[in-house]
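Colleague: Here it is, the structure in full.
Since every read-out is calculated from the coordinates, none of them should be taken as a lab result. In this text, all values refer to a predicted model and were calculated from it rather than measured experimentally. A quick note on method: Cβ atoms are made from the backbone with ideal geometry, for glycine too, and the neighbour counts reach across all protein chains shown.
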């Protein structure tokens, strides 16, 4: 259980090696991957909220991703999102990891070991990313900054895994999400790039079904 808890603590923009999982979305801008980048100015609250509202308005999306871990490990796969609260990440072989959120709970499954660990969605960092609306006027907002091409919004809250921070980077012109990065309680970052993204797609609810029988029967 402790191992899977470590895995899920990075969800949202993290990376998975073969021993560690996390989740994130990022665009192809090289600057977005530079953890030492500085920002020219603070974004106005209205401008930042407009970007957050645009992201929240995208109710469904799917695409492919490449994920980078804190030690430089890299993997990829396909993702599916249906707002609010639903998500699925299928990691490509040889990784056996599946992550599924059905609006109430989120599970991390290892198909090879046939193990599943279940957590309340509201107690994980994913709840910030999958909310029906991201309200920048509440206490979750840690920082909002802007460059000419990127607007960065940092959200944080205390979850079952400790105090997690999610940094989301958006294209300042199109408002499209380019990256989200999760910083865990050990101050380790994980980021993931997405491509071939389709918005507004029809997704069958079965995509987000959690195999509760398998979860209950896990050994």
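Colleague: With the crude spin-label approximation of a point 7 Å out along Cα→Cβ, what separation in nm comes out for residue 186 versus residue 135?
Modeller: Using points 7 Å along Cα→Cβ, the separation is 3.5 nm.
Colleague: Report, in whole Å, the centroid distance computed from the Cα atoms of region 65-81 and region 102-158.
Modeller: If we compute the Cα centre of each part, the gap is 16 Å.
Colleague: Expressed as a rounded percentage, what relative contact order does region 105-145 have, with Cα pairs under 8 Å and six or more residues apart?
Modeller: This gives 26 percent for region 105-145.
Colleague: Taking each pair of distinct Cα atoms in region 62-219 once, what is the resulting Kirkwood hydrodynamic radius in Å?
Modeller: Across region 62-219, the inverse of the average 1/r is 16.6 Å.
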